[in-house]
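The structure under discussion appears below in the form of structure tokens.
Read-outs: derived from the displayed coordinates by stated rules, not from any lab. No experiment lies behind these values; they were computed from the predicted model shown. Positions of Cβ are generated from backbone atoms using ideal geometry, with glycine treated the same way; all protein chains shown enter the neighbour counts.
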């Protein structure tokens, strides 16, 4: 599913699952690389979402 269709919570949950699978081992090199790439995308998207949330909060606090 594209990241822009996932909620923050769903993306974070998928990221946790990716990390769990990588830590468990038992995947081929190709599978591990694909998981790592997906994890990087998800982590970046989650960080962007959090940065946006911080900006929104800062804007509200500044307007008070």
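Note on residue 5 and residue 38: their simple-model spin labels are 1.5 nm apart, each label 7 Å out from Cα toward Cβ. Counting only alpha carbon atoms, the long axis of helix 29-63 and the longest principal axis of the chain meet at about 10°.
Across the chain, the relative contact order, built from alpha-carbon pairs under 8 Å that are at least six residues apart, equals 41 percent. What is the angle, in °, between the Cα long axis of helix 8-24 and the longest principal axis of the Cα atoms in the chain? Nearest 10 is fine, range 0 to 90. So the inclination is approximately 30 degrees. Available extension along the chain between residue 63 and residue 30 is 6.9 nm, counting 0.36 nm per residue and deducting the alpha carbon span.
Evaluated at q = 0.16, 0.25 Å⁻¹, the base-10 log of the normalised Debye intensity for the chain, with identical point scatterers placed on the Cα atoms, takes the values -0.59, -1.00.
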